[in-house]
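Below is one structure, written out as structure tokens, with a few remarks after it.
The values are calculated or read from the model by the stated rules, or taken from the named source; none is laboratory data. Quick caveat: nothing in here was measured; it's all calculated off a predicted structure. Here the Cβ is made from the backbone with ideal geometry for all residues, glycine too, and neighbour counts use every protein chain on show. Ligands, DNA and RNA are excluded from the accessible area calculation, which covers all protein heavy atoms including side chains. Shrake-Rupley method; radii C 1.70, N 1.55, O 1.52, S 1.80 Å.
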Amino acid sequence: MIRKFKLILTLFLLIPLKSHALTEQNKQQLYVGCYQNSKQYLGADKAKSYCQCTVDKLSMKFSDEELDAVLKQKPEDIYKDTEFASKFCEMKIQE
């Protein structure tokens, strides 16, 4: 099941974003991409919590420019740089 979350996070982070990743518009795009991919695995309520948590955690760690740089990497590097958010939020929704 954790592998699915990792895949979900990687997939929604690969969605093309305009200019800076953490503008309100791009936060919304990240959330929507995450939600669309994760609701089939988590259900609607857990997907909402998971995706909001993930976007919030990424926003706390990365500036707009830093997250843009992360998202331009290879998928395995994106995963390495963002797995802290995925792992934290996985545990949070299981509480």
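Using beta carbons and a limit of 7 Å, which pairs, at least six apart or on different chains, have the first residue in segment 25-42 and on the phi < 0 side of the Ramachandran plot and of a type in the set (Phe, Trp, Tyr) and the second one assigned to a helix (DSSP H, G or I) and open to solvent by 20 Å² or more (accessible area, probe 1.4 Å)?
Partner pairs satisfying both residue conditions: Tyr31/Gln52; Tyr35/Lys48; Tyr41/Lys4.
Does any residue of segment 58-71 turn out to be open to solvent by 40 Å² or more (accessible area, probe 1.4 Å), hydroxyl-bearing (Ser, Thr, Tyr) and part of a helix (DSSP H, G or I)?
Within segment 58-71, the subset open to solvent by 40 Å² or more (accessible area, probe 1.4 Å) is 60-61, 63-66, 69.
Narrowing the set further to residues that are hydroxyl-bearing (Ser, Thr, Tyr) leaves 63.
Pick out the ones that are also part of a helix (DSSP H, G or I) and you get none.
No, the conditions are met nowhere in segment 58-71.
At pLDDT 75 or above and either among the β-branched types (Val, Ile, Thr) or surrounded by fewer than 19 Cβ atoms within 10 Å (Cβ to Cβ) (or both) - does that describe any residue in segment 10-19?
The answer is no; no qualifying residue exists.
Mind checking whether some residue in segment 79-95 is assigned to a helix (DSSP H, G or I), open to solvent by less than 50 Å² (accessible area, probe 1.4 Å) and in contact with a Gly (Cβ under 9 Å, 6 or more places away or on another chain)?
no
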